[in-house]
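Read through the structure below, which is laid out as structure tokens, and then see the notes.
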Amino acid sequence: MMRFLLLFSRQGKLRLQKWFTPLVERERKKVVRDMTLMVLGRPPRSCNFLHWKDLKVVYKRYASLYFCCGLDDKDNELLALEVLHRYVELLDKYFGNVCELDIIFNFEKAYFILDEFLMGGEVQETSKVTVAKSIEASDMLQETMEEYMSKPAF
Amino acid sequence: MSDVVEKTLTALPSLLSLDSQPGAGKLSVTSKLGSLIRGITELTSKHEEEKLIKKELAAIKEHVSSPNTTLRQMKEIMVRAIYCEMLGFEASFCYIHAIKLAQQGSMFEKRVGYLAVSLFLREGHDLLLLLVNTVLKDLQSTNLIEVCMALTVVSQIFPKDMIPAVLPLVEDKLTHSKEIIRRKAVLALYKFYLMAPNQVQHIHDKFRRALCDKDPGVMTASLHIYLQMIKESPENYKELAGSFVVILKQVVSGKLPADFSYHSVPAPWLQMQLLRILALLGKEDQRTSEIMYEVLDESLRRAEINHNITYAILYECVKTVYTIHPKSELLEKAAKCIGKFVLSPKINLKYLGLKALTYVVQQDPNLALQHQMTIIECLDHPDPIIKRETLELLYRITNAQNVTVIVEKMLDFLRHSRDEYTVIGLVGKVAELAEKYAPDNSWFVQTMNAVFSLGGDAMQPDITNNFLRLLAEGFDNAEEDRQLRLLAVDSYLSLLGGEAASLPQPFLQIISWVLGEYSYLKVGQDPTDVLARLGALLERHDITTETRCWVLAAMGKLCTTDGALRRAREVAHQYSACLDTALRQQAMELELLGQDAPLRHRVLPHDASCEDLEVDSSLSFLDGFVSEALALGAAPYKPPHQRQEELSQHKALNFEPYGPSLPASLSACSLTDRQSPTAMSLSSGISGNSTEQMQKASSNTLKLDGVKKVWGKEGYLPQKEATEEAPPPVASSAPTPSCQQGGAEHTQLAVSSAGEEEQEKRQLAATLFVGLGSQNSLCLMGKPDAAPKRIWRRQRPDQEALDGGSRPPVSSVDDTLDGLFDDAVPDSALLYSLDGPSVPQSCLDGGGEAAGGSLDAGMEPALALSPGDAPGSLLPPALLALPRSDMEALCSDGTLSVCACKVYQRDALLLALFLSNACDLPLEELSCDVTSEEAKVTDGYTTAASISLLAGRGVAVVLHHLVMELPSSQAVVAVRVSYRPGAGAPTQQAVSLSLSLADFIRPLPVSTEEYGRLWLSFSNDVKQNLRLLADSEDPLAATLAALKDKLRLHIVDIIGAEGIVACQLVPGQPCLLHCHAHGGTLTAWLRSPLPTLPDCLLYHCQKAIEES
């Protein structure tokens, strides 16, 4: 089970954080600090797997953004790497050639996509089409609602 | 103009994202977020950023509280607040508005509201209660998206005490027509299962239906739950192995829609889950393993595309192959796969290859031999992660012959490692290896010195403790002990002389203890000199108070000469006015010991640090003081549980939950005594987290009375992996040349050009892999059972005694106890008497561990069975003579009713469950499952009995033997009965039953002399004043009789105002009670070999007296 997922920039700025197990604020801050320090300190082309306390840490860099997740001891690291990749694919499909700015300015969308993809730290929907569909469905609905709302009320 | 351009640019991402046409209002707010983000990026210092965000938060605060803010604006405000929180600034004033937004907003505002709530509120936040109604409403909504949102938020932040509120609705969603809803519902239930397994116990059948769902996505989701359940009790799901294999076969051969493929690999996530499940099911089970060989072979064969995801599957497959019952062909293929991983140029695969090797090396040490050159290369890999994994692998193959090389490599790594967690873990491993395999004393001391200096202050304390114990206890050889101690003293003196390096605190503490204890061994060493060096330590500013205490304590042992004495007095004087109390106390002791040589010899004798001390644990020397204080009117001491009970009686707050919201499983828990802590802790069980805090706050287990500890905190707490301590058995002879040759041959084949460097590496390989060879292939199948030869670490005698059995660890009374317990050995004849002729149809389950008898033919109709009925006619005749409780109705659902009766057997509590069929139709597949955390059900902590058919109006009796191994004042037993009515779907009933400690108490027939002997041998005791029963002529006898009556104690003797009573806790832990009556009170003094038993029993004595 995934414990947390963090997105941060090369400068160590947090872009998105998702926690799948409850932690108090202080511990969260410690995790974020340790992760950014550890991951940013890694030279390029080194192993994508790390250890932190009793957790496995898997990270991958996509352009200027680092995707980093913490796993249970029993989990498969390679699979987690593919989970990160699938998430990037989904973002890419949604935003169309996603870049860091998309995520900065639309982070709530990134959260929505993540919620459709992962639930309770496990992969919920493995089909790319379905995730996109359900996100679109909510977006469409959003649109119609908005049109409805913007109609002048008489 | 530029403003307009800017606005358009800001809106661009949202345009790209197919978002709505930005209305005028939206644009302006979006640009607020945009300008905030841009503003932050433009700043240069952290301080400015803080100032800007503070300003932003102030603006947000003003906005949210303004009544004119529309919901749409609120949505944008929430997004900004989330952003501020992400940057680490608290926006708690927004939380309530986020909830409001989720409540009132229309669809898309609701979505942001829910997102904000799930990001702001942690599990268990107080405000969450306000969300329950919203979630309930949305779960019932006809709008799919609303239901989805509600399910998502439920799985994210609902704490366990709120689960009952939404559970029925979530359960309903399992039959929803849309698969996305079903899938989300299954995952939400999975989350519930992780938090509170017993609350979703009753829906196991529905999980089964989810497993058979026509949508593969739902099925995949249900596997999460199955994986978890199988992890907990694999034996209950063995029959599913076939189905899992079939599913995997279909997946592997590409029968799923292409939708589920990932980079043209069919449903990898599903495959992964199935492989994991199969590993759990096939572990140590040949029959189940055999079913899966074929599909595993297929999986290994099919995974050939060169992509990460195939490697992930391969890796899992290899792990499964090595976990289940071995099959040589598969092992061969798996080994080949591991080879591919290890040799891969891709660093991630190499890492996993090393991990896989580490995993299998104990079963198959030859595999490590095959890859020895790669392993050597990995030792010098630039990436420390790879190095670390390699060391982990080496740690597993360490033996007495290669220990020096491997430990050297580990220490090398430690010297360059800065990561604290890595250091702590590795230091422990080095210490363990050094203790196990040290070739000689001086190497051991040197290695441990390195461990202590590298380990730093964060080292686990048991490393230092073990080391000191080892020094102090020594071995059988006195000369060797002396040598080791002397070596340690020598090296420490020189370390202190060097003084340049600042050593970690634990190391300084060790040094001072060893010098204090053993520096006399060094002939010609002046204690004054040692003392001076220790004194120099005190001068330093970087040592902690704790270390200072250790130094002072060491000084106390050293002041044997006049010079030393003078120096010690100076130090003592210097610290006698210290502000720290611990340090001041040490100084005072030092001063006193310095003055009084005979006292010093008595308190601190030479080389006796591990002799057993006579500890008067009852503090009887204070008796005079206590009675004096009591005479002067002091309040008598009350143990914590009594104080708590009184507190709970005085408390005016109502801890009872309101009726209707009581969840089904909890209401079933019997509420016996509302005055007792039971009631209070039950209600705290409902409020969830507070129980755990209580548990943390106090080590007194009694406070947890009645709390159902059915779920642990897995998934959150780090789970300690059982350290496997069984390296391959080592041939005790010298390194066998054959294996070295084997290794060398291999390298010659692999490497054609043997440069000097190669030569070096090969040499290293020869030293590292010595002792791992073909002679070990014997243990290829299954793990080696032989424990490693432990040269160093000796087991402490009392541990051995404890390991040996649950008997009290005192040898002198063993005879007595043996005599007592011989006839208390479980009497299985009693159990089997069910087979007797009076029972027409009976079946025994699992080798007689639990007996389930089914009686139907010719019995009275089940309707006759009601609470209070004499169970006599139904119990096996052999049990009729035993004392038993009244029949208690547990649950009934119109079809099947369950009643329970406790039969007090001499060696166990027999729980008889009467399952009566209230219909005319027969019930099939009746099974009954009994589990308990506190009590042990026969051989395991759980047992199941199954009866294939229960005729209409028939009654079945299921018997379970329960014993309590660790005293606890209450044991909660969870009973689960499942059955299938002739035509209908399987149904289940779950109920819990609480048993008191008194149910497990039996008389212990001893004579007065035996009592006396036992009394002295037990160490754990509790003393307390109880009320005497006043209204009789002999209050003591009356009180004891009442106790005997209620708790089944054995009154050994009554002499004047004193009475002695003995009892035992099944399965045979004695507890003795010594009573003294004076005035209106009874001073009860309890002793037992178990630490918590006296306390628990005292509590029940108290209750028994209160009641009579």
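The values are calculated or read from the model by the stated rules, or taken from the named source; none is laboratory data. Everything quoted here is computed from the prediction, not taken from an experiment. Cβ coordinates were reconstructed from backbone atoms using ideal geometry, including for glycine residues, and neighbour counts include every protein chain displayed.
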Could you tell me which numbered condition B:S328 fails, if it satisfies all but one of (1) surrounded by fewer than 20 Cβ atoms within 10 Å (Cβ to Cβ); (2) touching a residue at least 12 places away in the same chain (Cβ under 8 Å)?
(2)
Here the residues within segment B:343-361 that are crowded, with 18+ Cβ neighbours inside 10 Å and more than 14 Å from every other protein chain (Cβ to nearest Cβ) are B:L357, B:V360, B:V361
Determine whether B:A553 is at pLDDT below 85 and either small (G, A, S) or surrounded by fewer than 17 Cβ atoms within 10 Å (Cβ to Cβ) (or both).
no
Can you name every residue in segment B:478-506 that is in a loop (DSSP other than H, G, I, E, B) and surrounded by fewer than 17 Cβ atoms within 10 Å (Cβ to Cβ)?
B:E499, B:A500, B:A501, B:S502
Of (1) surrounded by fewer than 20 Cβ atoms within 10 Å (Cβ to Cβ); (2) in contact (Cβ under 8 Å) with a residue 24 or more places away in the chain, B:I247 satisfies all except one. Which?
(1)
Considering only segment B:311-329, how many residues are away from chain A (no Cβ under 14 Å) and in contact with a strand residue (DSSP E or B) (Cβ under 9 Å, 6 or more places away or on another chain)?
2
Here are some residues: B:K206, B:K160. Which one is surrounded by fewer than 22 Cβ atoms within 10 Å (Cβ to Cβ), within 30 Å of B:S927 (Cβ to Cβ), within 13 Å of chain A (Cβ to nearest Cβ) and within 30 Å of the chain's Cα centre (by Cα)?
B:K160
Being more than 10 Å from every other protein chain (Cβ to nearest Cβ), without any contact (Cβ under 8 Å) to a residue 24 or more places away in the chain and charged (D, E, K, R), is that true of even one residue in segment B:381-402?
no
Across (1) under 17 Å from B:P967 (Cβ atoms); (2) outside any helix (DSSP H, G or I), B:C1101 clears everything bar (2)
Collect the residues in segment B:459-477 that are closer than 13 Å to B:E432 by Cβ and in a helix (DSSP H, G or I), keeping them in residue-number order.
B:D462, B:I463, B:N466, B:F467, B:L470
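Residue-by-condition table, conditions (1) modelled with pLDDT of 80 or more; (2) out of contact with any Asp or Glu (no Cβ under 7 Å at 6 or more places or on another chain); (3) under 24 Å from B:P1094 (Cα atoms):
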site	(1), (2), (3)
B:C899	yes, no, no
B:D920	no, yes, no
B:K936	no, no, yes
B:A944	no, no, no
B:E965	no, yes, yes
B:V973	yes, yes, yes
Exactly one condition in (1) outside any loop (DSSP other than H, G, I, E, B); (2) at the interface with chain B (Cβ under 10 Å from one of its Cβ atoms); (3) touching a helix residue (DSSP H, G or I) at 6+ places or on another chain (Cβ under 6 Å) is not met by A:R28; state its number.
(3)
So which of B:E146, B:E123, B:E90 is part of a helix (DSSP H, G or I), charged (D, E, K, R) and within 14 Å of chain A (Cβ to nearest Cβ)?
B:E146
Name the pairs whose Cβ atoms lie under 6 Å apart, with the first residue in segment B:1009-1029 and closer than 9 Å to B:R1087 by Cβ, the second surrounded by fewer than 16 Cβ atoms within 10 Å (Cβ to Cβ), and 6 or more positions between them or separate chains?
B:S1019/B:S617; B:N1020/B:P1091; B:D1021/B:S618
Inter-residue pairs, beta-carbon under 7 Å, first free of Cβ contacts under 8 Å to residues at least 40 places away in the same chain and in segment B:448-468, second aromatic (F, W, Y) and part of a helix (DSSP H, G or I), 6+ apart
B:M448/B:F467
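For every residue, the table says whether it meets (1) at pLDDT 85 or above; (2) under 40 Å from the mean Cα position of the chain (by Cα).
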{"residue": "B:R1002", "(1), (2)": "yes, yes"}
{"residue": "B:S1019", "(1), (2)": "no, yes"}
{"residue": "B:L1026", "(1), (2)": "no, yes"}
{"residue": "B:D1031", "(1), (2)": "no, no"}
{"residue": "B:C1063", "(1), (2)": "yes, yes"}
Report yes if B:L174 is more than 12 Å from A:M119 (Cα to Cα) and either in a helix (DSSP H, G or I) or modelled with pLDDT under 85 (or both), otherwise no.
yes
Residues that are closer than 17 Å to A:L16 by Cα and of a type in the set (F, W, Y), drawn from segment A:27-62:
A:Y59, A:Y62
Check whether at least one residue in segment B:434-444 is under 30 Å from B:D542 (Cα atoms), in contact (Cβ under 8 Å) with a residue 24 or more places away in the chain, surrounded by fewer than 17 Cβ atoms within 10 Å (Cβ to Cβ) and not charged (D, E, K, R), and report yes or no.
yes
Here is a check on your reading of the model: is B:V246 farther than 22 Å from A:M119 by Cβ, modelled with pLDDT of 90 or more and within 14 Å of another protein chain (Cβ to nearest Cβ)?
no
The lone condition B:L275 fails out of (1) part of a helix (DSSP H, G or I); (2) over 16 Å from A:D75 (Cβ atoms); (3) hydrophobic (A, V, I, L, M, F, W, C); (4) within 14 Å of another protein chain (Cβ to nearest Cβ) is (2)
Index of the failed condition, A:L40 passing every other in (1) under 30 Å from B:P384 (Cβ atoms); (2) facing chain B (nearest Cβ under 7 Å):
(2)
